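Read the structure below first, then the notes.
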Amino acid sequence: MNRNRAGALRRTLVAASALATSATLALTGCDSGGGSDEDAVGVTLIVKTTTNPFFVSMQEGAEAAAEESGVELTLAAGRQDGDEDSQIQAIENAISRGDEGILITPNGPGVEDALIRARDAGLYVIALDTPPSDPESVDITFATDNFLAGQRIGEWTAAQLDGETAVIAMIDLFDDRIVSVDVQRDQGFLDGMGIDVADPDQYGDETATGQYSGGEYEIVGHEASEGAEDGGRTAAENLLSVNPDINVVYTINEPAAYGAHEAFDAADATDDLIVVSVDGGCAGVDAVSDGVISATSQQYPVRMAELGVEAIEQLATTGEAPETSEGLDFFNTGVELVTDQPHEGIDSITSTDAADICWG
């Protein structure tokens, strides 16, 4: 099953590359210095926050795509991960401007009513990276297969343990709201480990002890990090206070992974420690090379943004709307497992290879 999904993913990457080279877009807005063109296609990109390099890269990808032709691009962001109010205001601004479309990495379900208003006003809405909880709030999602991303690092972790008991710390995104990317990565990781996830639409309800695919496991607990380095450090410190024998750390993203590693390093508990994550940014790839992160699933936010801008321009000029990937309810922008400790039967690329394509 996993090999079939991996093959479909590779086919999607080829399709994505073809789409990326078939459309042209440009930026003629405030960043271009050329003034606004009344006939330009207006697109607003709203990211979760600009404190995370992932979303900065996404903005850069959108700008690069927009520089190719006549799209007028507006950038907006939440003040921090989870800030719904700033995103709602940016959506309302896009409606008022009469933009043709919105690209958004939703900060939570609180933005979805505003997205529905945008659709009702005639804007085409594409979610990037994070599918909304209400699928009717957007027209389509361009994203990593986040469950598969979690599965990849889970399968690798099980192989790396080679039958050793897994004492697992789970460092998630939030503990006060449900966000699809948070659930999917968490549940994908456990599924990849061979652990029954119970209800796949939530996390933390799995049995705390039992058997994974290679031996026995214990889940010490779930802690929220808000996707930040200091949050990852605090989460790891809390979990270490519960059980100092943790040997596996799952993290929602690489900033949280850096913080978690700092906590384990301060506790002199990094011997044989496995830290796995999702992102695959250039700094994260360096962390794999340095041994701070053992394995990560690499995403492609630049591609998400480029394809999103191009899709809205194409819809506005030709009437052709993007379609979901075969067998999925979203457009899959690809994922690769990055590690310098490969295992037979588990597809992966090295940190050297990943550095050439990080966040491309």
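Each value in this text was obtained by applying a stated rule to the coordinates, not by laboratory testing. Computed from a predicted model, the values in this text were never measured in an experiment. When we count neighbours, we look across all protein chains shown, and the Cβ atoms used for this are built from the backbone with ideal geometry, even at glycine.
With the gyration tensor restricted to C-alpha atoms of region 196-251, the semi-axes of the equivalent ellipsoid amount to 21, 15, 9 Å, longest first. Within the chain, DSSP assigns beta bridges of which about 15% are antiparallel (rounded to the nearest 5).
Region 268-360 has equivalent-ellipsoid semi-axes of 34, 14, 10 Å, by the square roots of 5 times the alpha carbon gyration tensor eigenvalues, sorted largest first.
Summarising the amide proton neighbourhood of residue 274: residues at separation of 5 or more, or on other chains, whose placed amide H is nearer than 5 Å comprise 248, 249. Please work out whether region 110-210 counts as rounded, prolate or oblate from its C-alpha gyration tensor, where a ≥ b ≥ c are the square roots of the eigenvalues and a/c under 1.5 means rounded, while otherwise a/b larger than b/c means prolate and anything else oblate? Here region 110-210 falls in the prolate category. Measuring spread by the Cα atoms of the chain yields a radius of gyration and Dmax of 20.2, 64 Å. Note on the chain: GNM, Cα springs under 10 Å; of 190, 307, 75, the largest mean-square fluctuation is that of 75. A helix-only calculation puts the chain at -13000 deg cm²/dmol for mean residue ellipticity at 222 nm, using -39500 (n - 2.57) for each DSSP H run of at least four residues, averaged over all residues. Could you tell me which of 94, 170, 106 has its Cα farthest along the dipole of region 88-174 towards the positive end, charges placed at Cβ (Lys, Arg +1; Asp, Glu -1), taken about the Cα centre? Checking the options against the dipole of region 88-174, the answer is 94. This ranking places 296, 157, 234, 324 by how few other beta-carbon atoms lie within 10 Å of each, fewest first, which gives 324, 234, 157, 296.
Ordering 54, 338, 122 by Cα displacement along the dipole of the chain toward the positive end leaves 122 in first place; charges were set at the Cβ atoms of Lys, Arg (+1) and Asp, Glu (-1). Taking square-rooted eigenvalues a ≥ b ≥ c of the alpha carbon gyration tensor, is region 100-168 rounded, prolate or oblate, where a/c under 1.5 means rounded and, failing that, a/b exceeding b/c means prolate? Because a/c hits 1.5 or more and a/b exceeds b/c, region 100-168 counts as prolate. Against the chain, whose longest principal axis comes from its Cα atoms, helix 229-242 is set at around 30 degrees.
The fewest-to-most ranking of 193, 58, 170 by surrounding Cβ atoms within 10 Å reads 170, 193, 58.
Dipole magnitude for region 308-347: about 140 debye, using +1 per Lys or Arg Cβ and -1 per Asp or Glu Cβ, origin at the Cα centre. Would region 282-329 count as rounded, prolate or oblate if I go by the C-alpha gyration tensor, calling it rounded below 1.5 in a/c and otherwise prolate when a/b exceeds b/c, oblate otherwise? Verdict is oblate for region 282-329. Please list log₁₀ I(q)/I(0) at q = 0.28 Å⁻¹ for region 156-218, using the Debye equation with identical point scatterers on the alpha-carbon positions. With one equal scatterer per Cα and no solvent, log10 I(q)/I(0) is -1.26. Each Lys and Arg contributes +1 and each Asp and Glu -1, all at the Cβ; summed about the Cα centre of the chain, the dipole is approximately 600 debye. Comparing 57, 96, 86 in a Gaussian network model of the chain (Cα springs below 10 Å), the most mobile by mean-square fluctuation is 96. Note the angle between two axes, namely the Cα long axis of helix 2-22 and the longest principal axis of the Cα atoms of the chain, as a number of degrees from 0 to 90, rounded to the nearest 10. Tilt relative to the chain: about 30 degrees. Would you mind checking the tilt of helix 84-97 against the longest principal axis of the Cα atoms of the chain, expressed as 0 to 90 degrees and rounded to 10? Rounded to the nearest ten degrees, it is 20.
The residues 241, 225, 213, when put in order of fewest to most other Cβ atoms within 10 Å, stand as 241, 213, 225.
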